[in-house]
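The values are calculated or read from the model by the stated rules, or taken from the named source; none is laboratory data. Fair warning: this is a prediction, and the values are worked out from it, not measured in the lab. Cβ placement follows ideal geometry from the backbone for every residue including glycine, while neighbour counts extend to all protein chains displayed. Quick note on the areas: whole protein, heavy atoms, side chains included, nothing else; ligands and nucleic acids left out. Shrake-Rupley method; radii C 1.70, N 1.55, O 1.52, S 1.80 Å.
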Amino acid sequence: MKAILLKRGREKSVLRRHPWIFSGAIAKIEGHPKQGETVDVLASEGALLARGAYSPHSQITVRIWTFDPREDVSSEFFDGRLRQAVEARRSLMSGDGPAGVRLINAESDGLPGIIADRYGDFLVVQFLSAGADYWKGAVVETLMRLMSVSGVYERSDAGVREKEGLPKLAGTLAGREPQDLVEIREGSCRFLVDIKRGHKTGFYLDQRENRGMIAEFARGTEMLNCFSYTGGFGIAALRAGAEKVTNVDTSAGALDLARRNAEINGVDASNLESVEGDAFAVLRRWRDAGRAFDVIVLDPPKFAESQSQLARASRGYKDINLLAFKLLRPGGILFTFSCSGLMSPELFQKIVADAALDAGCEAQIIRRLAQASDHPTLLSFPEGSYLKGFICRAASNL
Ligand code: SAH
């Protein structure tokens, strides 16, 4: 029997159904499990608490598949979990046109390390932990059966694979290889997704609902879409009547795709300005030049990868938000986000407040934002909440 025995007093997190067991909580490993294999999780006095995947190279030595000692981890197990996750997204896939939907959200769907996103006729998957990688074949086979798509493409080229002692991988796993750009529909917008070369699995689906909210504020405005990627927030704003959108990103490829996205949405290309460069430098230059916008979106990449980077990340968020408040016209609207899981909403709010204060701008939070509903957070896994944002309105009497 392959098993791990917990140290005395270290059962608490398992009893609270948290899916991670850190190496420091383990007293003994029995039966020489191989990387990714399923092990029984035993309390210090021997009771069977759960079953999980063994990952010898990671600080997170076990990721729990099931807390039900009667449940075996088998192809049937994955069939059940995958079905449940897919069913919960049916309504998101029922509209007109090809959907862009996260079908499997790892730990929060009871499937640690497994991500699956649907873009039209294709699935894009990531296997980010040893256990996920071990069951890859069964997961792909089940997804093909459940989804009737043209192909499944793997983007397991994320850095976190290294912590698990796994190589980075990408390529077609089933069906046919996706074409270079796959179209999805989002609200009244359409977007081209670069599955093979784009960030993550190709698109930031977690911002879907927040992109949908820009329409309310966009009509007749001049908008700065900072950290634009392929233009999502800007296209949504132009479709809703924004007069002009300026995209800023370091990636020339993302800006090119943003222009193509503008084309397929029938918005006037002359209303779209693209600026390739570091947002911190670009915004500083525009502040000095006295440039101003009615609506600003700040959606930077993850600044904090670990607790030790949090202080530096906080300064980054403060700087970029300060610059945004300086560029915002009186009465203007700022959508500001942090996708660093280690940054709490409370700390982020303090940072945004400090930024406004230093910019000499009085502002209100008029809405709090989070990741879209197809990126749920399991209550027993609060780490699953990573995206937070505020819609702020600057006072109009400055
Ligand atoms: N809002 C986008 C997603 C943004 S992801 C959407 O709705 O799709 C973050 C983006 O920031 C990426 O496109 C990345 O290329 C860009 N980026 C990273 N560092 C940057 C920097 N210093 N200046 C400008 N852009 C940057």
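Multiplying the sequence separation of Thr250 and Arg197 by 0.36 nm and subtracting their Cα-Cα distance, what value in nm do you get?
Residue separation times 0.36 nm, minus the Cα-Cα distance, leaves 17.5 nm.
Rounded to the nearest 5, what % of DSSP beta bridges with both residues in region 75-175 are antiparallel?
Values: 17 of 21 bridges.
Restricted to region 75-175, the bridges split so that about 80 percent are antiparallel.
Asp157 to Ser373: extension gain in nm, 0.36 nm per residue of separation minus the Cα-Cα distance? Mind showing how you got there, number by number?
Working: separation 216, 0.36 × 216 = 77.76 nm, distance 2.50 nm.
Gain on stretching Asp157 to Ser373: 75.3 nm.
Once you charge only the Cβ atoms, +1 for Lys and Arg and -1 for Asp and Glu, what is the size of the charge dipole of region 204-397 about its Cα centre, to the nearest 20 debye?
For region 204-397, the charge dipole is close to 300 debye.
Computing the accessible area with a 1.4 Å probe over protein heavy atoms, can you report the carbon and sulfur percentage for region 185-241?
Numbers: 910 of 1850 Å².
Result for region 185-241: 49 percent of the exposed heavy-atom area is carbon or sulfur.
If you roll a 1.4 Å probe over region 3-66 with all protein chains in place, what percent of the accessible area is carbon or sulfur?
Ligands and nucleic acids excluded, carbon and sulfur reach 51 percent.
For region 75-175, what is the accessible area per residue in Å² when the probe is 1.4 Å?
37 Å²
When the Karplus curve 6.51 cos²θ - 1.76 cosθ + 1.60 is applied with θ = phi - 60°, which whole-Hz ³J(HN,Hα) does each residue of region 57-65 get, with x for Gly and Pro?
8, 9, 4, 8, 6, 9, 10, 7, 8
If you average over every viewing direction, what projected area does the convex hull of the Cα atoms of the chain give, in nm²? Present the calculation step by step, with values, prior to reporting the outcome.
On the way: hull surface 78.3 nm².
Convex hull of Cα atoms, orientation-averaged projection: 19.6 nm².
Multiply the residue gap between Ser380 and Met1 by 0.36 nm, knock off their C-alpha separation, and tell me the result in nm, one decimal place.
Full extension from Ser380 to Met1 adds 133.6 nm.
Could you please report the charge total around Ala236, scoring K, R as +1 and D, E as -1 over all other residues with beta-carbon less than 9 angstrom from its beta-carbon? Mind showing how you got there, number by number?
Values: positive: Arg211, Arg239; negative: Glu186.
That sum, taken over residues with Cβ under 9 Å, equals +1.
Please compute the contact order of region 28-75 in relative form: average sequence separation of alpha-carbon pairs under 8 Å and at least six residues apart, divided by the residue count, as a percent.
28 percent
Each label point is 7 Å from the Cα along the Cα-to-Cβ direction; what then is the distance between the points at Gln59 and Asp288, in nm?
Going from the Gln59 label point to the Asp288 one covers 4.0 nm.
Loop only by DSSP, 13 or fewer other Cβ within 10 Å of the Cβ. Give me the trypsin sites (Lys or Arg not before Pro) in region 257-329 that pass, ordered by residue number.
Counting only loop positions with at most 13 other Cβ atoms within 10 Å, none of the trypsin sites (Lys or Arg not before Pro) in region 257-329 qualifies.
Looking at region 47-101, which trypsin sites (Lys or Arg not before Pro) are DSSP coil and have at most 15 other C-beta atoms within 10 Å of their C-beta?
Within region 47-101, the qualifying trypsin sites (Lys or Arg not before Pro) (loop, at most 15 other Cβ atoms within 10 Å) are Arg70.
Quick query: amide H of Glu154 versus all other amide H atoms, modeled in the peptide plane; which residues come in under 5 Å with a sequence gap of 5 or more or a different chain?
Val125, Gly171, Thr172, Leu173
Take the alpha carbon gyration tensor of region 3-66, find the square roots of its eigenvalues, order them as a ≥ b ≥ c, and report rounded if a/c is under 1.5; if not, report prolate when a/b exceeds b/c, else oblate.
rounded
Under 19 Å from a point placed 7 Å out from the Cα of Ala311 along the Cα-to-Cβ direction: which residues of region 262-303 have their backbone N that close?
303
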